[in-house]
Amino acid sequence: MNTTPALRLDDVSQQFGALKAVDQVSFSVVPGARHAVIGPNGAGKSTLFALIAGLRRASGGRVVAFGEDVTALPEHRRVARGVVRTFQHSALFLTHTTRENVLFAVQREAGVSWSMLRPLRSRYALRDRAEELLAEVHLNGREEVLAGSLSHGERRQLEVAVALACRPRLLLLDEPVAGMSAAETARFKALIDALPKETTVMLIEHDLDLVFDLAETVTVLHLGRHLITGTPEEVRSSEQVQSAYLGAADTSDLFTDTTGGSQ
Ligand code: ADP
Ligand code: MG
């Protein structure tokens, strides 16, 4: 069995002036895991993802992906190793169709890794690959719609297809269901469930119902620090976590069931 973690963080830190946005965070992510990162606003979750994806270089510590130290690598070189985030505030081409958006992404990826294929064969292969990805994110039937005319939830699905075109081994999703309706959220969850088991998925999420439903491992950050990494049960019953959340005014009800048929 392959026991090399998909990701290992060793004392990873990010300082913004006097602020320790990420403060000596260490934990590992098992290959194939659905691993959630939670914590009150400002906990350092998005900054941590930036350090993993290579948008920022950590000011301290090491980021090790699939056994390789990638701390000093820029984003595109981490993407080439399978570390891919969805691009927030949309890198989508809104005046192009859903299919074209995926095709552009597939072509971009092909430029890097498929250059050995003969041109004609590769053109068909690229188109097939785009169709496959559209089906994977449940956008079949929407191929001809302009990205700008998709619903909010469908755009998020398309963003995942664009990320999947990079053949991620570790996929990072930062609040993927924010702003989605209950129906869109359910559809998005099904999409994550259906991703290949070997794809490791890390997601930052505020919807704890979704987190505890989807993730087998949960990391809690608080004020830049790592509080706990454990199973949903371990996290729920952690007193440290309870008090961190209870101390944060805007999230005091995070561990109570507040669904009660709303939304
Ligand atoms: P989260 O995603 O958990 O809400 P962030 O990682 O966005 O938290 O932010 C963590 C802390 O770092 C916050 O206090 C935020 O204000 C600060 N921060 C984030 N990005 C920057 C930046 N580019 N410059 C200065 N401070 C930042
Ligand atoms: Mg954030």
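The values are calculated or read from the model by the stated rules, or taken from the named source; none is laboratory data. Model, not experiment: these values are computed from the prediction. So basically every Cβ, Gly included, is an ideal-geometry build from the backbone, and we count neighbours across all protein chains shown. Note: areas computed on protein heavy atoms with side chains; ligands, DNA, RNA excluded. Shrake-Rupley method; radii C 1.70, N 1.55, O 1.52, S 1.80 Å.
Summary table
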read-out	value
Per-residue SASA entry for VAL162, accessible area with 1.4 Å probe, Å² rounded to 10	20 Å²
For the stretch 1-95: rounded, prolate or oblate by the Cα gyration tensor [a/c cutoff 1.5]	rounded
Computed label-point distance, nm, for sites LEU146 and GLU234 using a 7 Å Cα→Cβ extension	5.0 nm
The chain: relative contact order in percent, alpha carbon pairs under 8 Å with at least 6 residues between	26 percent
Distance cut-off 16 Å, percentage of C-alpha pairs in the stretch 91-167 lying past it	42 percent
Nearest-20 debye value, the chain charge dipole, Cβ charges on Lys, Arg, Asp, Glu	1240 debye
GLU198 accessible area, 1.4 Å probe, all protein chains in place, Å² to nearest 10	140 Å²
Whole-number Å³ per residue for the convex hull built on Cα positions in the chain	139 Å³
Separation in nanometres of the label points that stand 7 Å from Cα toward Cβ, at ASP213 and ASN41	2.4 nm
Ranking by accessible area, most exposed first, for ASP193, ASP10 with a 1.4 Å probe	ASP193, ASP10
Bridge type composition, the chain - antiparallel percent by DSSP, nearest 5	55 percent
The chain, helix-only ellipticity at 222 nm - DSSP H runs n ≥ 4, -39,500 (n - 2.57), divided by all residues, nearest 500	-10500 deg cm²/dmol
